[in-house]
């Protein structure tokens, strides 16, 4: 599942294909980490959001407050769990994401992206956190599902990826229509390669 993202290409062509104005220009980002802002597409257009969701006032199935922050939401429970009540849907477009395998201190980083170079369109959910002092913080979590055959050797989960023509359904369709989209990406369409650890770059 995505724990680090990278966005190294402009989104102008994607925006045009989706019938959207281009998002605000931004420099390439090789290592987008939880807690940082990412560009998201909502039903109302582009919006910068913090990739980390504080489950404000939400409770688990036992009625206890949910305390931990979330960067990913499981597709199997995102529409059922009380911790996700009231969330809206959005899309996080990126060039790709990273995964790691191996033991601590000897981990191998992997980059994953579409083989044809098209952006990866992650299904996501969001809300607006009322921070101390009255500040409003838009916050987002990507949605995950079981891995496809390509990702399974690297990780037991992967982000839900959307086809461009499914974006409108994810943003504005019914929960039933959106749930039908939360399936593993077809095998054979990802380029997966070993890479230098992005967390070590620049140290």
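Please treat every number below as a calculation from the coordinates, not as lab data. Fair warning: this is a prediction, and the values are worked out from it, not measured in the lab. Neighbour counts run over all protein chains shown; Cβ positions are idealised from the backbone, glycine included.
Annotations
- Residue list for segment 105-147, given a label point 7 angstrom along the Cα-to-Cβ vector of residue 31 and an amide N cut-off under 19 Å: 105-113
- Highest average first, the peptides 169-181, 21-33, 2-14 ordered by how many other beta carbon atoms sit within 10 Å of their residues are 2-14, 169-181, 21-33.
- Cα convex hull of the chain - mean projected area over all directions, nm²: 12.6 nm²
- Highest-fluctuation residue, 102, 133, 35 considered, GNM on the chain with Cα pairs under 10 Å: 133
- Largest GNM mean-square fluctuation across 89, 135, 157, computed for the chain with C-alpha springs under 10 Å, falls on 135.
- With both labels modelled 7 Å from their Cα along Cα-to-Cβ, the residue 200 to residue 129 distance reads 3.1 nm.
- Simple label model, 7 Å out from Cα along Cβ direction - residue 154 to residue 105, nm: 2.6 nm
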